[in-house]
1. Would you mind stating whether Ala88 is surrounded by 14 or more Cβ atoms within 10 Å (Cβ to Cβ), closer than 25 Å to Arg167 by Cβ and aliphatic (A, V, I, L, M)?
2. For region 77-100, which positions are near the ligand (Cβ under 10 Å from one of its atoms) and either free of Cβ contacts under 8 Å to residues at least 40 places away in the same chain or more than 14 Å from the chain's Cα centre (by Cα) (or both)?
3. Scan region 61-81 and tell me whether some residue there is farther than 24 Å from Val169 by Cα, touching a Pro at 6+ places or on another chain (Cβ under 6 Å), in the same structural domain as Val25 (by TED's automatic domain parsing) and surrounded by 15 or more Cβ atoms within 10 Å (Cβ to Cβ).
4. All but one of (1) within 13 Å of the ligand (Cβ to nearest atom); (2) over 22 Å from Trp112 (Cα atoms); (3) β-branched (Val, Ile, Thr); (4) assigned to a loop (DSSP other than H, G, I, E, B) hold for Val61; state the number of the condition that does not hold.
5. Quick check on this structure: which one of Ala104, Ala170, Ala175, Ala122 is within 16 Å of the chain's Cα centre (by Cα) and outside the structural domain of Glu199 (by TED's automatic domain parsing)?
6. What number of residues in region 125-158 are touching a helix residue (DSSP H, G or I) at 6+ places or on another chain (Cβ under 7 Å), away from the ligand (no atom under 16 Å from the Cβ) and in the same structural domain as Leu66 (by TED's automatic domain parsing)?
7. From the residues in region 38-54 that are over 16 Å from Ala88 (Cβ atoms) and touching a residue at least 24 places away in the same chain (Cβ under 8 Å), which one is nearest to the ligand (Cβ to nearest atom)?
Amino acid sequence: MILITGATGPTGADIARLLGPRGDVRVLLRDPAKSAGFDGCEVAIGDFSKPHTLPGALEGVDKVLLISPLAESMAELQGKLITAAKQAGVKHLVRISSAAADVASPRRIGRWHGECDRLSEASGIPFTHIRACNFMQNLLSFANEIAATGGFSAPMADGKISLVDRRDVAAVAAAVLTGTGHEGRAYVVTGDDLLTYDEVAAIIGRVIGREVQFRDITPGQAHAGFLEAGMPPWRADEMLLLYDYLRRPGNCFLTGSVREITGRAPRRFEDYVREQAALFRDGGAVRSHA
Ligand SMILES: NC(=O)c1ccc[n+]([C@@H]2O[C@H](COP(=O)([O-])OP(=O)(O)OC[C@H]3O[C@@H](n4cnc5c(N)ncnc54)[C@H](OP(=O)(O)O)[C@@H]3O)[C@@H](O)[C@H]2O)c1
């Protein structure tokens, strides 16, 4: 039995959709009201912060897909699930982690994921880290600005970003959970697109048939914009650290993990933009800070 946590989030939901038809998948939900749509999956109700809810959910489980939101409490919460998994005799722990995972990272996001990866490694349960780079889906946060102004702004200069479609991260996780030989491995998962924001603008412009401009702004201007848009201050600080990281040459790179693990090519950014062309052209994207 495979237990999928974080199943109501976009990545966990994608994985549950891919694996549900196998008939040996259980999703862990905090809220029974969210149990619709998990066709073919068993549902268990539990919460990492309430350890007494976890043994029942883990009964008969040999593999766990571990996801929880980005938050200060990430390692504390995931630590409780890892302890319960160890007690339940789980044989493989697969984490959705980040390409930035590093306990010594200047970025909180990197440190939090690094701490969680380390807890998995210390558990003694065979582990796999799926260290995803930036989801293409994050760039939808520029759609409304593009529709309204013909461009988008960021303190990116000529930095490059490696992108992966979140559905390819899910496909990698599904293949790891159902395949063999992945124990003890850490995969950095990227697509085939390593792009400057000028190139991102050109691709979006080509797809929607209208010129799209990337406007480089200062970190201070960006920070003010994030706060104005309602982003929590810690997250706005974190975004500046992300852009600082992306502006430095060589920090982003491409890997062949999607091909290697799923046997097919990763989705391209241009195809993703084509799927979302109406939002990039007309706006209406729900603002996300993911
Ligand atoms: N966006 C990116 O570019 C990117 C890149 C690399 C890695 N990642 C990582 O990918 C992971 C998945 O992201 P996502 O956006 O798909 O997920 P997400 O939206 O952060 O979803 C979090 C999930 O955790 C569940 N959860 C929250 N608190 C919980 C608790 N106390 N006990 C049990 N479950 C709890 C939520 O359930 P409820 O519905 O009950 O709240 C939800 O299903 C994240 O860790 C993120 O850091 C993202």
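1. Numbers: surrounded by 14 or more Cβ atoms within 10 Å (Cβ to Cβ): yes; closer than 25 Å to Arg167 by Cβ: no; aliphatic (A, V, I, L, M): yes.
In short, no.
2. At the first step, the residues of region 77-100 found to be near the ligand (Cβ under 10 Å from one of its atoms) are 77-78, 80-81, 95-100.
Hits for region 77-100 are Leu77, Gln78, Lys80, Leu81, Arg95, Ser98.
3. The answer is yes; a qualifying residue exists.
4. Here Val61 clears every test but (1).
5. That would be Ala170, the only listed residue that is within 16 Å of the chain's Cα centre (by Cα) and outside the structural domain of Glu199 (by TED's automatic domain parsing).
6. 1
7. Among those residues, the one meeting the criterion is Ser49.
Here is a yes/no grid of residues against (1) in contact (Cβ under 8 Å) with a residue 24 or more places away in the chain; (2) not in a loop (DSSP other than H, G, I, E, B); (3) not hydroxyl-bearing (Ser, Thr, Tyr):
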{"position": "Phe226", "(1), (2), (3)": "no, yes, yes"}
{"position": "Thr255", "(1), (2), (3)": "yes, no, no"}
{"position": "Val273", "(1), (2), (3)": "yes, yes, yes"}
{"position": "Leu279", "(1), (2), (3)": "yes, yes, yes"}
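The values are calculated or read from the model by the stated rules, or taken from the named source; none is laboratory data. The structure presented is a predicted model; accordingly, all values stated were derived computationally and were not measured. Quick reminder, even Gly has a Cβ in these numbers, built from the backbone with ideal geometry, and neighbours come from all protein chains shown.
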